[in-house]
Amino acid sequence: MRKLLSANYFRLWRDKIFWICMGTMLVYSVAYMLNGCRQATVDLAEYNYSIDKYYFHFTMSIGVFCAVFSSMFFGTEYSDGTIRNKVIVGHTKVNIYIASLITTITATLLMVFVWMIGASIAIPILGIWEMGIPNLLIYLLIILMLAVALAAICTLINMISTNKAFTVVISVLLIMGLLILASMFYNGFSEPEMTSGVQITANGMQMSEPMPNPNYISGEMRKIYEFILDFLPTGQGLTVWQVEVRHPIRMILSSAAITILTTLSGIFVFKKKNLK
């Protein structure tokens, strides 16, 4: 295992895609936070936001970066025959899979840390987090766990697919699909219970009396929507971005469950895979 990890890390530090992802993440975080600083300092009440509103935006994009990096990185191992050579020299498929997972997790967490460092540029202008340090630590733990879960999902795809181009497309499309799915559930969950329309009267435009919203989700279905948002890594990312975390323990346990299940499934399939 140590030799496998050493070889993976040797390649990782020299991988152009990894450093491009790291650089893009850093530039993106700094640019986004500086734009947030500009908005927050506009002399209008509606733009008077704290750092809490902007800092967690990256959770919606980390999955895409993870998918692009991991599919390119491990797709090369298949196309160059590196994985087959690892088996030939005596490494077990289980160890190869675990080493690949650890490498993907490491790269993904490094991208997360780069964002955190870059986004901290806004602290002198926006100040520290209004949510308080305890809540900030909980949010950061949720982010780290969902990043690990996303890395586990990407590793599963990368280790069972031998076609590099196909792997890149499937990985990115899957993450984008999960993002869209999470957005659909979030939009449904966010529908207000009551709505008010605008009426044109002799005195001008006035708000009508609140009426029940037919799109409001209630009862057991609302609990199902909330559970799905807490379970999906992309749903967690969307909830964290909006600073609306309600069940942090459930989110953390969900990420752990996804990581374990995808890893066990990936090892099972990879062990049966013919690498010739």
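The values are calculated or read from the model by the stated rules, or taken from the named source; none is laboratory data. On a predicted model such as this, the values are computed, not experimentally measured, just so you know. With ideal geometry, Cβ positions are generated from the backbone for all residues, glycine too; neighbour counts draw on all protein chains shown. The protein model used for the area step is the full one, side chains on, heavy atoms only, and it has no ligands, DNA or RNA in it. Shrake-Rupley method; radii C 1.70, N 1.55, O 1.52, S 1.80 Å.
Residues that are surrounded by fewer than 21 Cβ atoms within 10 Å (Cβ to Cβ) and farther than 16 Å from Phe185 by Cβ within the stretch 246-257 comprise Pro248, Ile249, Ile252, Leu253, Ala256, Ala257, listed in sequence order. Scanning the stretch 119-142 for residues that are of a type in the set (Val, Ile, Thr) and under 14 Å from the mean Cα position of the chain (by Cα) returns a single hit, Ile142. Among the residues examined, Thr162 qualifies as touching a residue at least 60 places away in the same chain (Cβ under 8 Å), open to solvent by 50 Å² or more (accessible area, probe 1.4 Å) and in contact with a Lys or Arg (Cβ under 9 Å, 6 or more places away or on another chain).
Does Ile105 fit the bill of being modelled with pLDDT under 85, surrounded by 15 or more Cβ atoms within 10 Å (Cβ to Cβ) and in contact with a Ser or Thr (Cβ under 9 Å, 6 or more places away or on another chain)? For Ile105, the condition - modelled with pLDDT under 85, surrounded by 15 or more Cβ atoms within 10 Å (Cβ to Cβ) and in contact with a Ser or Thr (Cβ under 9 Å, 6 or more places away or on another chain) - is not met. Residues in the stretch 31-44 that are under 22 Å from Phe65 (Cα atoms) and open to solvent by 40 Å² or more (accessible area, probe 1.4 Å) were compared, and the one that is modelled with the lowest pLDDT is Asn35. When Lys3, Lys93, Lys16 are checked against the criterion of being over 30 Å from Pro134 (Cα atoms), modelled with pLDDT of 80 or more, touching a helix residue (DSSP H, G or I) at 6+ places or on another chain (Cβ under 8 Å) and open to solvent by 40 Å² or more (accessible area, probe 1.4 Å), a single residue qualifies: Lys93.
For beta carbons closer than 9 Å, sequence separation of 6+ or different chains, a first residue in the stretch 1-13 that is part of a helix (DSSP H, G or I) and a second that is basic (Lys, Arg) and open to solvent by less than 70 Å² (accessible area, probe 1.4 Å), the qualifying pairs are Leu4/Lys86; Ala7/Lys86. The residues of the stretch 213-245 that are open to solvent by 10 Å² or more (accessible area, probe 1.4 Å), charged (D, E, K, R) and either closer than 20 Å to Ile175 by Cα or under 22 Å from the mean Cα position of the chain (by Cα) (or both), listed by number, are Glu226, Glu244.
Of the residues Met116, Met111, Met72, Met145, the single one that is under 17 Å from the mean Cα position of the chain (by Cα) and open to solvent by 40 Å² or more (accessible area, probe 1.4 Å) is Met145. Of all residues assigned to the stretch 81-94, none qualifies as being part of a helix (DSSP H, G or I) and under 27 Å from Leu141 (Cα atoms).
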